[in-house]
Each structure stands twice: as C-alpha cells, then as structure tokens.
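The block underneath contains the structure these notes are about, expressed in structure tokens.
What follows is calculated from the coordinates using simple rules that are stated; it is not laboratory data. Since the structure is predicted, the reported quantities are computational estimates derived from the model, not experimental observations. For neighbour counting, all protein chains shown are included, and Cβ atoms are generated from backbone atoms with ideal geometry for every residue, glycine included.
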Ligand code: ASP
Ligand code: MG
C-alpha cells in the first residue's frame, strides 16, 4: 500500500490549490452575502492608506507547503514502468488525441510498462463547470465532482480506442477503478492511498493503462476531484505508487521557463530545477505544474520531466538538488501571479483567525504581523471561503485588490549574498514600490501594483541575466 492515510494535523488538510473562479464548492459566501457589518472588504482605492500604515520590510515569513502522506514500500513495483501525463491542450481534439495515442504506443514498443494519465480535452472542464452554474447558483459539491470528473474519462476512453486501432491492447480506468483513494473534500480532495492492484494486473497482461486524471474515490465512496490542474498530481502519485522510473508531464510549452515568455520574450527554458525551486515556482504563479504534484514528487523522490507534446526535445527535469545546478545558476526564475488576494485584519486572536481559515480550507501564504494588525495573502479562488471564515472569527478586515505578487527564486540564494540588494536596487531604478516583502532561503517575494508587474518581471529577469546561456544547468 504505497500511500498511507494522511496522518498530519490541520496543516495537512489545507487545500491542494486554488480553484479557478467559478469552481467553488463552498457556499458560505453566498449564504452570508458578500460582507456584513463585521467584515468590510474595501477595494484598491484604500490601498495607499493601508500601505502607509505598514512598515516596508516586514517580519520574514516562509511559504509553507502541505504535509504529504507517508509512503510505504511497494512490494509489487516492477522495473521499467513509466507514467506519461498529457494535459488538456495535448488532447484538445481527435487528431491530437490520436497523436498522443501514437506516442504512448511508441513508448510501449520500447518494452516499457506504460501508464498514461490524461486531462480532459481542451476546455471541457471549464465548460462543465459553466454548465453546472447555469443549472444552479450553488451546485451541490458532490454532484459537481460527479459532473466535472467526466472530462478525463472521455479522453481516456477515446485514447484507448485509438491505441487499439494501432494494434496495442489498452484499458481505460476512472480514478476510482485505478485505486486512487482520497479524503472527502469535494473539489480539492487529497490522495490518501493508491491501491494499484488493478493497474499492475493490466500491465502484467502487457496492456497500456489509461487513467483518468484529476479524480478519485473518497473514503466514503463518493467521486472526488483533486483541484484544478489535478491530473498532474494523479500522475505523480501513480509514479510514486508504481515506483516508476520517472514521470513525464507532456504539455503545450517546452518546459519550465525563467519567466513567463508572454512577458519576457527571451525567457529561457530551464534544463533542471530542484524540487524546492519548483515548489516555490508553482506556489508563486508558475502554472505548469500543480503545486500539490510537486510536493508529492519531492516527498517520494519522483523525477519529473516537463516537456512539450508537440516535439521530441528534452524539456525541464525536476529533481533532487545537485551541486552542479548551483554552480551554474544562482537564480532560476522570476514568477508572478495576479491570483492572490491580500487581507489586512485587525484586533483578532491570531490562533482563532488562522484556525478559522484552516477550517475553511483557505491556503494562506504570506503572513505578516505588526502590532495587532495581521496581513496575509491567499489564493483569489479561496476568497469566498476566506470571507466566511473572517466573519466567523468576527475579524475587522480590509481586502486589498489590484496587486500582483512577484517572486525571485533560486536555490543558489542560500549561499550567495547580495541578491536582495540587487533586487531592490533594480526596483528603485524602475521606480516600483515593493510591499509586503517575504523571503524563504531560496525566494524573495513581494507585492506590487498590478500595472507594475510586467515591467518588474522584465527588469529582474534582465538584472539577473536570466536569459544568458551562461546560467544554463547541466541535465541531471
Ligand atoms: N481537467 C482538470 C482541469 O482543468 C484537471 C487537469 O487538467 O489537470 O483542471
Ligand atoms: Mg495543468
């Protein structure tokens, strides 16, 4: 039994990732209305006031990551297993699905035991969510999961048909049939166990196994989903459970980049990043991997290869930190996100506040306290839950809109002084004000006005010469 039940405390029950807007399984906000007397959420105009009240360089906080269930040895693991995961754009239409089937068959032909995890085709999940909200303003969480889990099943059934046509045997499985057991939190369930017997049996019969990503069956036997982007986590958990040699994440980009190429045209594809860097990148806005999947990969030492479906080129390897990585590049990348909300709360007991937020499943990131004022950030997708929790804790609160979080990430920061100095000198040069600065040993993050985010990312990418091939790392 590779995954044991999550034995962590409340922290381990925090959600996997922010749900994109429209997919919230909580109904509290609608019940309470947007705000009541106790909680006043004000908007951007108030920001200047808030900002003046807060010192610039605050107490340092680190990003916390979720606890991951402990793993037990898998006696049934077989050598030569590979997990290949294909994202929504990779299986976006029937032609692409057939290409993916061919790629899977080619890997199988090399004698590999292949488990493929597929996402829903194109925008299927978004469309299903939209459909649910056309029917009901507050879709029942259990039924919403029943509905949105079908996209991945469609992809897998179609891929199995295509693989048959290519002459291989294949079997598609739902998450539940594949033995993915989760907790009972609809919309952002966590995998607590993988019972891979059926997968092993099919692999032993030389079949290609297709597993519907993003879903499982809860300990109370309901269908659950793992949060948006959750197929990554399905794939990595399976790779851990099957003791696969590595997990290939096929996507529509060539790998993990030093910054978002839409903002920084000369952003460089990174050859290798450490688990810790990837965790910080995912937590800071890089969308290429679901945060939870990186946590699982790190905890079980699953090597990831993030690469393009549409080319044979190598992508980015996510692995254990290696000294050769740090020789070449101190900084890996600059990430940014517009998806984080900042809250400023007064006169509330700290323990009560964070207990209420944890109970509501709000994934708190930055936390800064000065006097009796607490500033914290949380994913925008958790906003309804956060509001309801703040009401329950009777907190006085400002909600600060219009900010972006920019993060500079690199494992080499641990051992190289002067990174903060260069960061803030760069910001001064371009006249951008950084607020709510927090650091970890390998990250400096801060919030800027939304409109300043792009030039901040560009300037930092330039200042740290991240486009230069001199900082290219060896493959590990
Ligand atoms: N189809 C789901 C989503 O859109 C899961 C995934 O693609 O990973 O989030
Ligand atoms: Mg994804």
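Restricting to the range 81-322, compute how many DSSP beta bridges are antiparallel as a %, nearest 5. Kindly include the intermediate steps, with their values, before the conclusion.
Numbers: 10 of 38 bridges.
DSSP beta bridges in the range 81-322 are roughly 25 percent antiparallel.
Subtracting the Cα-Cα distance from 0.36 nm times the residue separation, let me have the gained length for residue 165 to residue 143 in nm, one decimal. All intermediate terms of the calculation are to be shown ahead of the outcome.
Values: separation 22, 0.36 × 22 = 7.92 nm, distance 3.42 nm.
4.5 nm is the gain from fully extending residue 165 to residue 143.
Suppose R0 equals 45 Å; then what is the FRET efficiency for residue 134 and residue 429 from their Cβ-Cβ distance, rounded to the nearest 0.05?
Numbers: r = 49 Å, r/R0 = 1.10.
The value I calculate is 0.35.
Order by neighbour count: 161, 278, fewest other Cβ atoms within 10 Å first, most last.
Numbers: 161 14, 278 29.
With the sparsest Cβ surroundings first, the list reads 161, 278.
Using the 10 angstrom Cβ neighbour count as an exposure proxy, how do 200, 461 rank, fewest first? Before the final figure, lay out each step's value.
Details: 200 19, 461 24.
Final ranking by Cβ density, sparse to dense: 200, 461.
For the range 404-476, evaluate the Debye formula with one uniform point scatterer on each Cα (no solvent term) and list log10 I(q)/I(0) at q = 0.14, 0.25 Å⁻¹, rounded to two decimals.
Once normalised to I(0) and log-transformed, intensities are -0.44, -1.26.
With each label point set 7 Å from Cα along the Cα-Cβ vector, what nm distance links residue 401 and residue 123?
Result for the modelled spin labels: 2.3 nm.
Can you tell me the length gained on complete extension of the stretch residue 252 to residue 177, counting 0.36 nm per residue apart and subtracting the Cα distance?
Details: separation 75, 0.36 × 75 = 27.00 nm, distance 2.81 nm.
Computed gain between residue 252 and residue 177 is 24.2 nm.
Report the paramagnetic label zone for residue 416: residues of the range 233-275 whose backbone N is under 16 Å from a point 7 Å from Cα along the Cα-to-Cβ axis.
Correct set: 258-259, 268, 270-274.
Cα extents of the range 81-322 along the three principal axes, largest first, in whole Å?
45, 43, 34
May I have the pair-distance distribution P(r) for the range 231-346, computed from all Cα-Cα distances with 5 Å bins from 0 and rounded to whole percent?
Computed distribution, short to long bins: 2, 12, 21, 24, 20, 12, 5, 3, 1, 0, 0.
What spacing in nm lies between the two simple spin-label points modelled at residue 322 and residue 205, each 7 Å away from Cα in the Cβ direction?
About 3.9 nm separates the two model spin labels.
With the cut-off at 14 Å, report for the range 339-423 the share of all Cα pairs above it, as a whole percent. Could the numbers behind the result be given before it?
Working: 2326 of 3570 pairs.
Distances greater than 14 Å cover 65 percent of the Cα pairs.
Under a crude label model (7 Å from the Cα following the beta-carbon direction), how far is residue 95 from residue 359 in nanometres?
With each label point 7 Å from Cα toward Cβ, the separation is 5.5 nm.
In what sequence do 84, 121, 146 fall when counting other Cβ within 10 Å, fewest first? Mind dumping the intermediate values first?
Numbers: 84 27, 121 22, 146 16.
Exposure proxy ranking, most exposed first: 146, 121, 84.
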